[in-house]
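A.B. asks: Take this structure first; my questions come after.
The values are calculated or read from the model by the stated rules, or taken from the named source; none is laboratory data. Quick caveat: nothing in here was measured; it's all calculated off a predicted structure. In this analysis, Cβ positions are derived from the backbone assuming ideal geometry, glycine residues included, and neighbour counts consider all displayed protein chains.
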Amino acid sequence: MRYVIIGAGAIGSTVAAQLQLAGIPVVLLARGEHGAAIRENGLRYLRPSGTRQVRVPVAEHPGEVTLTDDDVLVLATKSQQTEQALQEWAWRPAGEGVAADLPVLSLQNGLENERAALRRFGTVFGASVWLPCTYLTPGEVSAEGAEKPGILWLGGYPAGADDPRLHAIAEDLGTADFAVQLVPDLIRWKAGKLLGNVGNAVDALYGERAGWVMDELRAEARRVFAAAGIAVADLVRESEVDVSVAAIAEIPGRSRGGSSTWQSLARGTGSAEGDFLNGEIVLLGRLHGVPTPLNEALQRRIALAAEHGAAPGSADLAELRTPGRTPVLVSAGELARELESAEPPILLDVRWVLGDPHGHQHYLDGHIPGAVYVDLHTELAAPPTPAEGRHPLPEPADLQAAARRWGVREGSRVVAYDSNGNLAAARAWWLLRWAGVADVRLLDGGLDAWQGPLETGFGRTPEPGDVVLKPGNLPVLTIDEAAALPSAGVLLDARAGERYRGEQEPIDPRAGHIPGALSAPTGENLGPDRRFRPAAELAERFRALGAGDGPVGVYCGSGVTAAHQIAALAIAGIDAALYPGSWSQWSNQPDRPVERSVET
Ligand SMILES: NC(=O)C1=CN([C@@H]2O[C@H](COP(=O)(O)OP(=O)(O)OC[C@H]3O[C@@H](n4cnc5c(N)ncnc54)[C@H](OP(=O)(O)O)[C@@H]3O)[C@@H](O)[C@H]2O)C=CC1
Ligand SMILES: CC(C)(CO)C(=O)C(=O)O
């Protein structure tokens, strides 16, 4: 077989060089200056192990290539260039027939290329491509993976891996020193890869893959895949190939600048692949009714940056703050659909009400099918002490053990609910977000909003998860910081008005509030149906209290309903810190002043 590689950028040139070095027939379609340089001097091919000049056969345009029945076409353009390449090639003569009779192999990111090829080509193969390589200078390409240049999870499109031609291709690519695994469910592997490539625009625009942006982009992508019924492979965990065989290694004198999208900006190509990376998530979201605001923002931003010739890393990450907020709520209808999907979210039932010790019994009497019971006192808090308060934050190791017991894995989506307006479930929401779980939502309206049947009894024991929690992702106030906040920003007291004013104190040693705090009872976050009030109303509520421009902190009795307030603030687009000790800690410290007020 001969490989006709369409597109001589980073991927095309690297694959061509590896095939050529392995003695496998190849021709590289290389246009312009790059093609001329390779034709004249060979390709300067940089690897961590050293640099070689590789005499790759090149053609400038399709007319220079006489196709035979033994050829395989390899797509190695950017996705936005695929349609044009397919048009140029499909109906060219090839042996007794046309090129569309030949197999075509896409070595591209995203989910669209194989589908586009299948419109004209009867045999389409694709790959989930881990192959870090760089094309910045005509005549020169570097491939940074080592020991192997890259890993290719190869499969037939839309599915299957039985075609003998695919096996022959896998063997050739193996001979050319790629790590290869045949996969019968290609789309799953490509979806897994896309979870990383939604970040290509991030490093291209901002020069770094900021953690919170990646978390939110992936969370949107996972929600979209679930709604679309697309299962997602975990490339690291499920791979039969040890992924460390192609880790990014240093090439002396050259550092890898960034992703393939970064390279488009660096070369000033005028277009980037965002419409097929973030844009694929946006498209699927629109088709399946799932909002994808952050992918949408990045798709737009990278398209304009490429068009205007922006330099890589020249944008300011701060511009993403507002559109990128992770949704706090999920509706009952949406949840029902997600629970039916290939990757249902982990469902947590946090049935706890102050003064009612029978939460577990309520769970046994009826819960949403598949939900796991979460005990607020023992799983969402460390043991109480007067010095720390009634519900101190749990030790990270304890919270991680609990989350694993509930079945939370890396990348899991989590939904929490209770039967009391989410006043308790919000503590689980806050803790998991604080501990780095990107996609945690509250069932809006809680159990009352659920229209489906309930399950009784203990339910199934979840398969233990493997999540690694890293607390510190949401802001927290110490007692001193809470004391100081009113002079710098807004400290909200989420308890009922009578407790704030000091008219009554059912549980703590002293009545009143932290000096300078403002009363904002949690109950007012909810409408009469116990759902959160609309974002605009919540924003108006909090802005009237002065929250929004400076720092905002929230406390309650023991850091439980304050988490609800923080969820309401997040819905309104306002970030706020939690004072976990809350009144139960403050009122136990005799030297801390207490303020009382009368109702106005
Ligand atoms: N670079 C990387 O590290 C990785 C990239 N990928 C994916 O691989 C694919 C290719 O990326 P990459 O190699 O970086 O892209 P590049 O932009 O480096 O290369 C694409 C090349 O295709 C050429 N081209 C475009 N249209 C045609 C055509 N009709 N005929 C012939 N040549 C054409 C372009 O030539 P010209 O310059 O003349 O327009 C360009 O040189 C993308 O889907 C990318 O996401 C996947 C894993 C890693
Ligand atoms: C993340 C990476 C480098 C993996 O090969 C890639 O896919 C890209 O640059 O587009």
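For every residue, the table says whether it meets (1) more than 9 Å from ligand 1 (Cβ to nearest atom); (2) more than 28 Å from THR269 (Cα to Cα); (3) hydroxyl-bearing (Ser, Thr, Tyr).
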{"residue": "GLY95", "(1), (2), (3)": "yes, yes, no"}
{"residue": "ALA100", "(1), (2), (3)": "yes, yes, no"}
{"residue": "ARG120", "(1), (2), (3)": "yes, no, no"}
{"residue": "GLY126", "(1), (2), (3)": "yes, no, no"}
{"residue": "THR134", "(1), (2), (3)": "no, no, yes"}
{"residue": "THR137", "(1), (2), (3)": "yes, no, yes"}
{"residue": "GLU147", "(1), (2), (3)": "yes, yes, no"}
{"residue": "GLY150", "(1), (2), (3)": "no, no, no"}
{"residue": "ALA161", "(1), (2), (3)": "yes, yes, no"}
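A.B. asks: State yes or no: is ARG39 modelled with pLDDT of 95 or more, outside any strand (DSSP E or B) and of a type in the set (Lys, Arg)?
C.D. replies: Values: modelled with pLDDT of 95 or more: yes; outside any strand (DSSP E or B): yes; of a type in the set (Lys, Arg): yes.
Yes; evaluated as a whole, the condition is true for this residue.
A.B. asks: Return the pair list, or none, for Cβ contacts closer than 8 Å from residues in segment 345-358 that are crowded, with 23+ Cβ neighbours inside 10 Å to residues that are assigned to a strand (DSSP E or B) and aromatic (Phe, Trp, Tyr), at least 6 apart or on different chains.
C.D. replies: Final answer for the pair search is LEU347/TYR417; LEU348/TYR417; ASP349/TYR373; ASP349/TYR417; VAL350/TYR417; ARG351/TYR373.
A.B. asks: Shifting gears a bit: Looking only at segment 392-419, count every residue that is of a type in the set (S, T, N, Q) and in a loop (DSSP other than H, G, I, E, B) and tell me the total. Reasoning before the result, please.
C.D. replies: Here is the first cut: in segment 392-419, the residues of a type in the set (S, T, N, Q) are 400, 412, 419.
From what is left, the residues that are in a loop (DSSP other than H, G, I, E, B) are 412, 419.
Result for segment 392-419: 2.
A.B. asks: Considering (1) buried (at least 17 other Cβ atoms within 10 Å of the Cβ); (2) within 16 Å of ligand 1 (Cβ to nearest atom), say which one ALA170 fails and leave the rest.
C.D. replies: (2)
A.B. asks: Another question, if that's okay. Return the total of residues in segment 104-134 being within 15 Å of ligand 2 (Cβ to nearest atom), under 13 Å from PRO158 (Cβ atoms) and of a type in the set (S, T, N, Q).
C.D. replies: First pass over segment 104-134, keeping only residues within 15 Å of ligand 2 (Cβ to nearest atom): 106-113, 126-134.
Remaining after also requiring under 13 Å from PRO158 (Cβ atoms): 106, 111-113, 126.
With the extra rule that they be of a type in the set (S, T, N, Q), the set shrinks to 106, 113.
The total comes to 2.
A.B. asks: Let me ask you something else. Can you name the condition, by its number, that LYS190 falls short on among (1) crowded, with 24+ Cβ neighbours inside 10 Å; (2) assigned by TED's automatic domain parsing to the domain that holds GLU83?
C.D. replies: Every listed condition holds for LYS190 apart from (2).
A.B. asks: I've got another one for you. Can you pull out the residues in segment 204-228 that are farther than 18 Å from GLU334 by Cβ and in contact (Cβ under 8 Å) with a residue 60 or more places away in the chain?
C.D. replies: As a first pass, look at segment 204-228 and keep what is farther than 18 Å from GLU334 by Cβ: 204-215, 217-218.
Within segment 204-228, ALA204, LEU205, TYR206, GLY207, GLU208, ALA210, TRP212, VAL213, ASP215, LEU217, ARG218 qualify.
A.B. asks: Check ALA563, ALA572 and return the single one that is surrounded by 14 or more Cβ atoms within 10 Å (Cβ to Cβ), closer than 22 Å to PRO392 by Cα and not hydroxyl-bearing (Ser, Thr, Tyr). Step through it out loud before you land on a result.
C.D. replies: Working: ALA572 fails: closer than 22 Å to PRO392 by Cα.
Selected residue: ALA563, the only one of ALA563, ALA572 that is surrounded by 14 or more Cβ atoms within 10 Å (Cβ to Cβ), closer than 22 Å to PRO392 by Cα and not hydroxyl-bearing (Ser, Thr, Tyr).
A.B. asks: Looking at segment 23-39, is at least one residue crowded, with 22+ Cβ neighbours inside 10 Å, assigned by TED's automatic domain parsing to the domain that holds SER142 and more than 14 Å from ligand 1 (Cβ to nearest atom)?
C.D. replies: yes
A.B. asks: Another one. Which of the following residues is assigned to a loop (DSSP other than H, G, I, E, B), in the same structural domain as HIS367 (by TED's automatic domain parsing) and either at pLDDT 95 or above or out of contact with any Cys (no Cβ under 9 Å at 6 or more places or on another chain) (or both): ASN422, ASN473? Outline the logic, then answer.
C.D. replies: Details: ASN473 fails: in the same structural domain as HIS367 (by TED's automatic domain parsing).
Result of the check over ASN422, ASN473: ASN422.
A.B. asks: Consider PRO453 carefully, then state whether it is part of a loop (DSSP other than H, G, I, E, B) and closer than 22 Å to VAL330 by Cβ. Steps first, answer last, please.
C.D. replies: Details: part of a loop (DSSP other than H, G, I, E, B): yes; closer than 22 Å to VAL330 by Cβ: yes.
Answer is yes for this residue.
A.B. asks: Then there's this: Among the residues of segment 332-345, write down those that are touching a helix residue (DSSP H, G or I) at 6+ places or on another chain (Cβ under 8 Å) and modelled with pLDDT under 90.
C.D. replies: Taking segment 332-345 first, the residues touching a helix residue (DSSP H, G or I) at 6+ places or on another chain (Cβ under 8 Å) are 332, 337-338, 341-345.
Those that are touching a helix residue (DSSP H, G or I) at 6+ places or on another chain (Cβ under 8 Å) and modelled with pLDDT under 90: ARG337, GLU338, SER341, ALA342, GLU343.
A.B. asks: Here is a follow-up. Give just the number: which of (1) more than 26 Å from LEU335 (Cα to Cα); (2) among the charged types (D, E, K, R); (3) away from ligand 1 (no atom under 16 Å from the Cβ) does GLU296 not satisfy?
C.D. replies: Against the list (1) more than 26 Å from LEU335 (Cα to Cα); (2) among the charged types (D, E, K, R); (3) away from ligand 1 (no atom under 16 Å from the Cβ), GLU296 comes up short only on (1).
A.B. asks: To continue, here is another question. Select from segment 431-449 the residues that are assigned to a helix (DSSP H, G or I), within 22 Å of ASN473 (Cβ to Cβ) and not basic (Lys, Arg) and list them in ascending order.
C.D. replies: Restricting attention to segment 431-449, the residues satisfying the condition of being assigned to a helix (DSSP H, G or I) are 431-434, 446-449.
Going one step further and asking which of them are within 22 Å of ASN473 (Cβ to Cβ), we end up with 431-434.
Answer for segment 431-449, where residues must be assigned to a helix (DSSP H, G or I), within 22 Å of ASN473 (Cβ to Cβ) and not basic (Lys, Arg): LEU431, LEU432, TRP434.
A.B. asks: Looking at (1) modelled with pLDDT of 95 or more; (2) over 30 Å from the mean Cα position of the chain (by Cα), which one does GLY559 not meet, given that it meets all the others?
C.D. replies: (2)
A.B. asks: Also, quick follow-up: Could you please find all residues in segment 184-232 being part of a loop (DSSP other than H, G, I, E, B) and within 16 Å of ligand 1 (Cβ to nearest atom)? Spell out the reasoning first.
C.D. replies: Looking only at segment 184-232, we keep the residues that are part of a loop (DSSP other than H, G, I, E, B), and these are 184-185, 198-199, 207-210, 229-232.
Answer for segment 184-232, where residues must be part of a loop (DSSP other than H, G, I, E, B) and within 16 Å of ligand 1 (Cβ to nearest atom): VAL198, GLY199, ARG209.
A.B. asks: Hey, another quick one. Here's a check for you: in segment 259-269, which residue that is within 9 Å of ligand 1 (Cβ to nearest atom) and assigned to a loop (DSSP other than H, G, I, E, B) is farthest from the chain's Cα centre (by Cα)?
C.D. replies: For segment 259-269, the residue satisfying everything is THR269.
A.B. asks: Is at least one residue of segment 496-511 under 24 Å from VAL328 (Cβ atoms) and surrounded by 16 or more Cβ atoms within 10 Å (Cβ to Cβ)? If you could, list the steps in order and put the result at the bottom.
C.D. replies: Kept after step one, since they are under 24 Å from VAL328 (Cβ atoms), are these residues of segment 496-511: 496.
If we keep only those that are surrounded by 16 or more Cβ atoms within 10 Å (Cβ to Cβ) too, we end up with 496.
Checked segment 496-511: at least one residue is under 24 Å from VAL328 (Cβ atoms) and surrounded by 16 or more Cβ atoms within 10 Å (Cβ to Cβ).
A.B. asks: Give all pairs with beta carbons closer than 7 Å in which a residue from segment 188-200 that is closer than 18 Å to ARG223 by Cβ and in contact (Cβ under 8 Å) with a residue 24 or more places away in the chain meets a residue that is β-branched (Val, Ile, Thr) and away from ligand 1 (no atom under 12 Å from the Cβ); count only pairs at least 6 apart in sequence or on separate chains.
C.D. replies: ARG188/VAL232; ALA191/ILE230; ALA191/VAL232; GLY192/VAL232; LEU195/VAL232; VAL198/ILE281
A.B. asks: Condition first: outside any helix (DSSP H, G or I) and in contact with a Gly (Cβ under 7 Å, 6 or more places away or on another chain). Can you find one or more residues in segment 164-173 that meet it? I'd like the intermediate steps shown before the answer.
C.D. replies: Pass one, segment 164-173, residues outside any helix (DSSP H, G or I): none.
No, the conditions are met nowhere in segment 164-173.
A.B. asks: Out of (1) within 22 Å of TRP450 (Cα to Cα); (2) crowded, with 20+ Cβ neighbours inside 10 Å; (3) modelled with pLDDT of 95 or more, what's the single condition that is false for SER412?
C.D. replies: If we test SER412 against (1) within 22 Å of TRP450 (Cα to Cα); (2) crowded, with 20+ Cβ neighbours inside 10 Å; (3) modelled with pLDDT of 95 or more, just (3) comes out false.
A.B. asks: Another question, then. Which one is nearest to GLY257 (Cα to Cα) among residues in segment 114-163 that are in contact with a Gly (Cβ under 7 Å, 6 or more places away or on another chain) and polar (S, T, N, Q)?
C.D. replies: The qualifying residue nearest to GLY257 (Cα to Cα) is THR134.
A.B. asks: Any residue in segment 84-104 that's crowded, with 21+ Cβ neighbours inside 10 Å: show its pairings with residues that are modelled with pLDDT of 95 or more and small (Gly, Ala, Ser) at Cβ separation under 8 Å, as long as the two are six or more apart or on different chains.
C.D. replies: ALA85/GLY7; LEU86/ALA116; LEU86/ALA117; TRP89/ALA99; ALA99/ALA90; LEU102/ALA94; VAL104/ALA117
A.B. asks: Here are some conditions: (1) out of contact with any Lys or Arg (no Cβ under 7 Å at 6 or more places or on another chain); (2) buried (at least 21 other Cβ atoms within 10 Å of the Cβ); (3) outside any helix (DSSP H, G or I). ALA382 meets all but one. Which one does it not meet?
C.D. replies: (2)
A.B. asks: Among the candidates ARG592, ARG533, single out the residue that is touching a strand residue (DSSP E or B) at 6+ places or on another chain (Cβ under 8 Å) and surrounded by fewer than 20 Cβ atoms within 10 Å (Cβ to Cβ). Steps first, answer last, please.
C.D. replies: Values: ARG592 fails: touching a strand residue (DSSP E or B) at 6+ places or on another chain (Cβ under 8 Å).
Within the list ARG592, ARG533, the selection yields ARG533.
A.B. asks: Still on this structure, please answer the following. For segment 118-138, how many residues are surrounded by 20 or more Cβ atoms within 10 Å (Cβ to Cβ) and under 30 Å from ARG44 (Cα atoms)? Walk me through how you get there before you give the answer.
C.D. replies: First pass over segment 118-138, keeping only residues surrounded by 20 or more Cβ atoms within 10 Å (Cβ to Cβ): 121, 124-135.
Still in the running and under 30 Å from ARG44 (Cα atoms): 125-135.
Going through segment 118-138 one residue at a time, the tally reaches 11.
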